[in-house]
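The values are calculated or read from the model by the stated rules, or taken from the named source; none is laboratory data. As the structure is a computational prediction, the values presented were derived from the model and not from experiment. For neighbour counting, all protein chains shown are included, and Cβ atoms are generated from backbone atoms with ideal geometry for every residue, glycine included.
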Ligand code: UGA
């Protein structure tokens, strides 16, 4: 099939390359000339395992092209909208400027029978608002939310755990759902659940899934706060409750909490939308989820300061990690960088290292010192804090070797990812999050 993908950021670039890799002819369109130039050369503009390979293959096969010209969308039968919906400046709601602009720019290039498939995360009701403009061209608007995780984006796109398509009522919607099934044919062949629903439900599935995940993380971080007041160990607690299949251990990792380009802004936009709908109370708990999450960053900073005897001023603190999570160079709303910046604000001489995110981090926070080599970063540190659980720190860092590099053997495990016993045995003062 011929497809167009409007917006070649995280979501769109991966989607375009993944759709080409399953045999479609795809054009990716974006207004950012630099991004398009990089993608056209087969170079992934961000770090995502597996993307580089499918990008180069797609371009070499001739099935994948990128352009800034919206006219290139003509002739495609399905047009995916994958532009960003960031948090509004000065508010909690989602900024729909890019979605509106993308749809408006696409309208003149649509033909009778085309499908416009929204993938961006939008407040419930957005699709219904856009539909009349799309339908006036003879095309059909559907909403097909994306559940990819950064770091696993290629796999999640090619082999998702479910596909959700919100369609308009009647024959028009049924036909659109069939076309989307055709687009995602390998998943269909594998028996991946394919849920056809209405537009509002599809939009809500996406935000409620992220709200649930954020709530799960903040739940365990709330338990970490209680553990801190009682001497209990939140990691053991998570293991124990996680054995209950109804609860499950995943996303019960207590630590400095969630960040990234999705969970924080999505729960805020959801709460803002619920207020607009007169149902603010229904998701009022999301404000608490947000507050718990932000408190954990503060807690990590306090642990460092306390371990340093009450002040970080003039102390050398090494921060291991900058990305919002491992296998990503994304620093959007990164709890890791937030902790680093807060320590810097307290007068510490902060050195940050990360296997992938230094370039992005140094652009946004040039006031911090960045070092690519982990051991060099550890050199003569008064305290060390792990804030992104990369294997380089979690598995491959020996407490004995690290101990020979630092000035003070203080380690704060902001992700509860280290073997506390091994670090203590090597003579370190170890501090976890919600652990004795
Ligand atoms: C999230 C969702 O997991 C995806 O399903 C969704 O498609 C995506 O947002 C999106 O809306 O696009 P992602 O932002 O890539 O994916 O990251 P997650 O793996 O969900 O992690 C989010 C944050 O939670 C990270 O900062 C991570 O360190 C933190 N986290 C995760 C914890 O603090 N504890 C955990 O147990 C798990």
How many residues of the range 2-23 are within 13 Å of the ligand (Cβ to nearest atom) and in a helix (DSSP H, G or I)? The answer is 5
Reported set for the range 378-417 where residues are away from the ligand (no atom under 16 Å from the Cβ) and under 23 Å from residue 260 (Cβ atoms) is 395
Expected single match for more than 30 Å from residue 433 (Cα to Cα), within 23 Å of the chain's Cα centre (by Cα) and part of a helix (DSSP H, G or I) among 215, 201 is 201
### Query
Taking the stated definitions as given, is residue 306 away from the ligand (no atom under 16 Å from the Cβ) and either within 22 Å of residue 432 (Cβ to Cβ) or under 26 Å from the mean Cα position of the chain (by Cα) (or both)?
yes
Of the residues in the range 74-95 that are within 19 Å of residue 166 (Cα to Cα) and not in a strand (DSSP E or B), the one that is modelled with the lowest pLDDT is 85
Filtering the range 37-63 for residues that are touching a strand residue (DSSP E or B) at 6+ places or on another chain (Cβ under 9 Å), over 16 Å from residue 12 (Cβ atoms) and outside any loop (DSSP other than H, G, I, E, B) leaves a count of 1
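Yes/no matrix, rows are residues, columns are (1) at positive phi; (2) outside any helix (DSSP H, G or I); (3) near the ligand (Cβ under 10 Å from one of its atoms):
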position	(1), (2), (3)
151	yes, yes, yes
154	no, no, no
165	no, yes, no
173	no, no, no
Of the residues in the range 313-330 that are closer than 9 Å to residue 354 by Cβ and within 11 Å of the ligand (Cβ to nearest atom), the one that is surrounded by the fewest Cβ atoms within 10 Å (Cβ to Cβ) is 323
Within the bounds of the range 205-223, is there any residue that is more than 8 Å from the ligand (Cβ to nearest atom), closer than 27 Å to residue 164 by Cα and in contact with a strand residue (DSSP E or B) (Cβ under 9 Å, 6 or more places away or on another chain)? yes
In the set 227, 238, the lone residue that is near the ligand (Cβ under 10 Å from one of its atoms), touching a helix residue (DSSP H, G or I) at 6+ places or on another chain (Cβ under 8 Å) and more than 16 Å from residue 290 (Cβ to Cβ) is 238
Note: among 254, 336, just one is touching a residue at least 60 places away in the same chain (Cβ under 8 Å), under 22 Å from residue 392 (Cβ atoms), within 9 Å of the ligand (Cβ to nearest atom) and outside any helix (DSSP H, G or I), namely 254
Just one listed residue, out of 151, 188, 170, is out of contact with any helix residue (DSSP H, G or I) (no Cβ under 7 Å at 6 or more places or on another chain) and modelled with pLDDT under 95, and it is 151
